[in-house]
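*Asks:* Structure provided below as structure tokens; questions to follow.
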Amino acid sequence: MEALPQAAMVLGDIAFRHGLPEDYAAVKPSLIRMAERFPVCLTLGNHDVRENFLQAFSQHPLVDDTPAKSIVIVEHPCIRFLILDSSYRVDVVPGMLGFRQREWLDQYLTKHGGTPTILCFHHALDDNDRSLLDADRLLRIVARHHHVKAIIHGHWHKLLRYEVDGVHVLQLPSASMPLQQDIPLGWLDAVFSESGGEFAMHSIEPRREKILSTFSLHWR
């Protein structure tokens, strides 16, 4: 019997297009079944509506009509995850962390050094106008904090990995909706340590191999 994961992470676009309450009601039973077995961390993508998302998944009442960005901090003995909120406007493709969230991030990283840290959010870092609009400002912050080892994001529905100044960037595949016919659907299994991580992409398509690829990353 395979061991259960210690946690799962869904980096946005939980809803299909407009982040309707019925979108979250449809997916919530599946997420609850997962959460009964291990923690599940969620963040928003460009198809999610923050108010509807929080109404569905947060136990804290909304304090006003325009809730602030949603940030989740996950502490592990060997690594720290900062799950950020790159949602800009619903059904508008590009994203933005924004000044207040970037300022918070810079201050937090200054105060909490040492532990290898991974930043996670929805939007991609490329220079496409449909990606993260303040990616350059984020990377300037990352350059000042050597304990940031990797960035994990979604958005383009395809597994991709590369480096920016020694920081690993890992783009996650889609688990439900391909942007192109030949791009496989699946999820990424990861085992982290103080020095790096071991990864395996699992296919959810019966016609494909169960494990499509494996690779390792070593921290700077």
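*Asks:* What is the dipole size for the chain, taken about its Cα centre, with +1 at each Lys and Arg Cβ and -1 at each Asp and Glu Cβ, in debye to the nearest 20?
*Replies:* Details: 22 positive and 27 negative charges, 60 e Å.
It works out to roughly 300 debye.
*Asks:* State in Å² the accessible area per residue of the chain; use a 1.4 Å probe, count heavy atoms of protein chains only, and round to the nearest integer.
*Replies:* Working: 12240 Å² over 220 residues.
That works out to 56 Å² for each residue.
*Asks:* Given a 1.4 Å probe and every protein chain left where it sits, what share in percent of the accessible area of the chain is carbon and sulfur? Write down the numbers at each step before the final one.
*Replies:* Values: 6540 of 12240 Å².
Carbon with sulfur: 53 percent of the solvent-accessible area.
*Asks:* Under the rule of -39500 (n - 2.57) per DSSP H run of 4 or more residues, summed and divided by the residues of the chain, what mean residue ellipticity at 222 nm is obtained, to the nearest 500 deg cm²/dmol? Show your work: numbers first, answer last.
*Replies:* Numbers: 4 runs with 45 residues, N = 220.
After summing the helix terms and dividing by residue count, I get -6000 deg cm²/dmol.
*Asks:* Going by Cα centres, region 94-156 and region 23-39 are how many Å apart?
*Replies:* 27 Å
*Asks:* Checking the cross-link filter: which lysines have an alpha carbon closer than 20 Å to that of residue 158, excluding same-chain neighbours under 8 positions apart?
*Replies:* 210
*Asks:* Please label the shape of region 35-136 as rounded, prolate or oblate, based on the square roots a ≥ b ≥ c of the eigenvalues of the alpha-carbon gyration tensor (a/c under 1.5 means rounded; beyond that, a/b larger than b/c means prolate, else oblate). It would help to have the intermediate numbers written out before the result.
*Replies:* Values: a/c = 1.58, a/b = 1.08, b/c = 1.46.
Oblate, because a/c is 1.5 or more while a/b does not exceed b/c.
*Asks:* Then there is this: Between rounded, prolate and oblate, where does region 113-220 land on the alpha carbon gyration tensor, with a ≥ b ≥ c its root eigenvalues, rounded for a/c under 1.5, else prolate if a/b exceeds b/c? Don't jump to the answer; show the numbers that get you there.
*Replies:* Values: a/c = 2.90, a/b = 1.38, b/c = 2.09.
Because a/c hits 1.5 or more and a/b fails to exceed b/c, region 113-220 counts as oblate.
The values are calculated or read from the model by the stated rules, or taken from the named source; none is laboratory data. As the structure is a computational prediction, the values presented were derived from the model and not from experiment. Heads up, the Cβs are rebuilt from the backbone with ideal geometry, glycines too, and the neighbour counts pull from every protein chain shown. Calculation scope for accessible area: heavy atoms of the full protein, side chains included, ligands and nucleic acids excluded. Shrake-Rupley method; radii C 1.70, N 1.55, O 1.52, S 1.80 Å.
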